Each structure stands twice: as C-alpha cells, then as structure tokens.
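Undergrad: This is the structure I have questions about; it appears just below.
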Amino acid sequence: MKATPERAIVLSAGLGMRMRPLTETRPKPLIPVGGKPLVDWGLDALRRAGVREAVVNIYHLADMMTAHLAGRGEPHIIISDEREALLDSGGGIAKALPYLGDKPFFVLNADTFWIDRSEDNLNRLALAWDGGRMDILILLADPASATGHTGKLDFRMDRDGRLQRTAGGTEGYIYAGGGILHPRLFAGASTAPHSLNLYFDRAIAAGRMFGLPLDGHWITVGTPDAIAPAEAVLRQLGMTS
C-alpha cells in the first residue's frame, strides 16, 4: 500500500473579491457553508486522510484566519503569512516549500470541496500516485456531479490518465481544486507572485501531469449566490452540521 503524503498546503490567501460583500468583514475561507467554514471542509478531509501537517497561507483579514486555525487540532497547522505581499497560488506554494519538505504533498483550494461517495478521494489520489511518471496528479470533477461551477472545462484526459488543456472544448473535466504535487516542480521557483498554472503547463508539456476522476460530488463556492445551492446539495447528501 502506498503512503499518503504527510504534508499539505491549503491555498487560502485570496481576497475573495467575487464573494463581496461577505468578504468585507470575513475572509472567504471562513464563510460558513453547510454549518462550517469553507477551509474546514478541506482540513477535515486532510485529517481523515492521515495528513500530519497542513500549511495554510493567509493574507486578507489574516488575524481572523490565525485565530480560527489556532482552535483546530489535527492536522497540525503551520501559517504561511503573506501579509507583506499576496503571492498568488504558485508564489504561495514556493514560499511555503521549507514547510512542505522534499516528498510529494497535497494541495487544496480553500473554496472548493467534495463529498466522497464510496471511497476517500485523497486516499485514492495517494494510491494512484506514481512518482516515476508523475509530477502532478489532480482530482477531476465531472460537470454532471458538480455544484456551483459556471466556467469552462479545464482538462481532457487520455486513456493513460495524462492531461491536456481543453482549450475551449466542450468535453472534459473541471479541476477539482485538489491534487498531489512533487516539490521538484518548484526547483528554483521564485516567491514573486505567479500562478500554479505555470507548473501545470510545464508538467503537461513534459507528459507528467495526470488526473483522477473524483468519486463523489464536487462543490465550489465562488459567489454569495453559490452558497444556497451548495447547502441544498449538502442537505440532500446528509452532510450539513
């Protein structure tokens, strides 16, 4: 049985502009959905998967984030403070690398989560990880089992699981906001602001970015109007707290 990554990063430092006015007084990861803050859906999934430490980057209303995270138990939380400069997803991971170590780690977006169907999807990712072939392995959501998504599809997958961008195509998957990354991707990476998409594109070009379809229902909460549909699905699935 393959080992589950012991460390993770939860990307939580965005301004949440599309979630205004709610984010004028509360950081987006602390907006409650289904009875608990968005960030806790991801942290709880990491705890269930056996992750030992999770880095959480903070920026907007950072003191509120710090206070909330101090009240959690497992996984152990390490704060990566970006109040001096908002670094975007790629820069945020590059800054946090000293905490993440030299082994593959999970990455989660704080504003997306999923409800597992029959298996734990983070454990499924760990079992599917093959460091000899992969630099990135991400979870993919089927649009038919997704709530809150209003954008384009992100990736198409070949029979071996390798990914390409859909490039505007009408068939494919949504990036589910979770995956496993190998730190070698970030060798020499700058901590200046830049997107994780840079590393996605490099791994695609090298044939080393793979996907795993999600076994469950995926939820994204990008605007205030997305909260009610998300909570309706959670009630239907018996997941409200």
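Undergrad: So for region 102-109 (the condition being of a type in the set (D, E) and more than 21 Å from W129 (Cα to Cα)), does at least one residue qualify? Walk me through how you get there before you give the answer.
TA: Going through region 102-109, the residues of a type in the set (D, E) turn out to be 102.
Applying the additional criterion that residues be more than 21 Å from W129 (Cα to Cα) yields none.
The answer is no; no qualifying residue exists.
Undergrad: Check off (1) in contact with a His (Cβ under 8 Å, 6 or more places away or on another chain); (2) aliphatic (A, V, I, L, M); (3) on the phi > 0 side of the Ramachandran plot for L61 and give me the number that stays unchecked.
TA: (1)
Undergrad: May I pose another question? Show me the strands (runs of 3 or more DSSP E) entirely contained within region 95-177 in which 3 or more residues are free of Cβ contacts under 8 Å to residues at least 40 places away in the same chain and at positive phi. Let's see the steps before the verdict.
TA: Details: elements: 105-109, 112-116, 136-141, 155-157, 163-165.
It comes to none.
Undergrad: Look at G188 and say whether it is without any contact (Cβ under 8 Å) to a residue 60 or more places away in the chain, of a type in the set (G, A, S) and over 16 Å from L137 (Cβ atoms).
TA: Details: without any contact (Cβ under 8 Å) to a residue 60 or more places away in the chain: yes; of a type in the set (G, A, S): yes; over 16 Å from L137 (Cβ atoms): yes.
Yes.
Undergrad: Any residue that is in contact with a Gly (Cβ under 7 Å, 6 or more places away or on another chain), outside any loop (DSSP other than H, G, I, E, B) and more than 17 Å from I79 (Cα to Cα) - is there at least one of those in region 21-28? So that I can check it myself, show each step before the final result.
TA: Here is the first cut: in region 21-28, the residues in contact with a Gly (Cβ under 7 Å, 6 or more places away or on another chain) are 23, 27-28.
From what's left, outside any loop (DSSP other than H, G, I, E, B): 23, 28.
Checking which are more than 17 Å from I79 (Cα to Cα) leaves us with 23.
Yes, region 21-28 contains at least one residue that is in contact with a Gly (Cβ under 7 Å, 6 or more places away or on another chain), outside any loop (DSSP other than H, G, I, E, B) and more than 17 Å from I79 (Cα to Cα).
Undergrad: Which condition does D154 not pass, out of (1) surrounded by 14 or more Cβ atoms within 10 Å (Cβ to Cβ); (2) under 27 Å from A3 (Cα atoms); (3) modelled with pLDDT under 95; (4) of a type in the set (D, E, K, R), if it passes all the others?
TA: In the conditions (1) surrounded by 14 or more Cβ atoms within 10 Å (Cβ to Cβ); (2) under 27 Å from A3 (Cα atoms); (3) modelled with pLDDT under 95; (4) of a type in the set (D, E, K, R), D154 misses (2) alone.
Undergrad: Follow-up. Is there any pair with a first residue in region 42-58 that is over 25 Å from A85 (Cβ atoms) and a second that is aliphatic (A, V, I, L, M) and part of a strand (DSSP E or B) whose Cβ atoms are under 7 Å apart and which are 6 or more apart or on different chains, and what are they?
TA: From residues that are over 25 Å from A85 (Cβ atoms), the pairs are L46/A8; L46/A54; V51/A8.
Undergrad: Checking H149 against (1) surrounded by fewer than 16 Cβ atoms within 10 Å (Cβ to Cβ); (2) in contact with a helix residue (DSSP H, G or I) (Cβ under 9 Å, 6 or more places away or on another chain); (3) not basic (K, R), which test does it fail?
TA: (1)
Undergrad: Quick one: in region 72-99, which of the residues that are more than 15 Å from L46 (Cβ to Cβ) and of a type in the set (K, R) is surrounded by the fewest Cβ atoms within 10 Å (Cβ to Cβ)? Explain how you work it out, then say what you get.
TA: As a first pass, look at region 72-99 and keep what is more than 15 Å from L46 (Cβ to Cβ): 79-95, 97-98.
If we keep only those that are of a type in the set (K, R) too, we end up with 83, 95.
On the way: R83: 11, K95: 22.
Top of the filtered list is R83.
Undergrad: Report yes if S195 is among the hydroxyl-bearing types (S, T, Y) and within 26 Å of L234 (Cα to Cα), otherwise no. Walk me through how you get there before you give the answer.
TA: Working: among the hydroxyl-bearing types (S, T, Y): yes; within 26 Å of L234 (Cα to Cα): no.
In short, no.
Undergrad: Yes or no: D102 surrounded by fewer than 22 Cβ atoms within 10 Å (Cβ to Cβ) and under 15 Å from the mean Cα position of the chain (by Cα)? Spell out how you get there, then give the answer.
TA: Values: surrounded by fewer than 22 Cβ atoms within 10 Å (Cβ to Cβ): yes; under 15 Å from the mean Cα position of the chain (by Cα): no.
Answer is no for this residue.
Every residue, every condition in (1) surrounded by 14 or more Cβ atoms within 10 Å (Cβ to Cβ); (2) out of contact with any Lys or Arg (no Cβ under 8 Å at 6 or more places or on another chain); (3) modelled with pLDDT of 95 or more, yes or no:
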site	(1), (2), (3)
T166	yes, no, no
A176	yes, yes, yes
G188	no, yes, no
F200	yes, yes, yes
R208	yes, no, yes
I219	yes, yes, yes
A226	yes, yes, no
A232	no, yes, no
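The values are calculated or read from the model by the stated rules, or taken from the named source; none is laboratory data. Here the structure is a predicted model, which is why all the values come from computation and not from measurement. Using ideal geometry, Cβ is built from the backbone for each residue, glycine included, and neighbour counts are taken over all protein chains shown.
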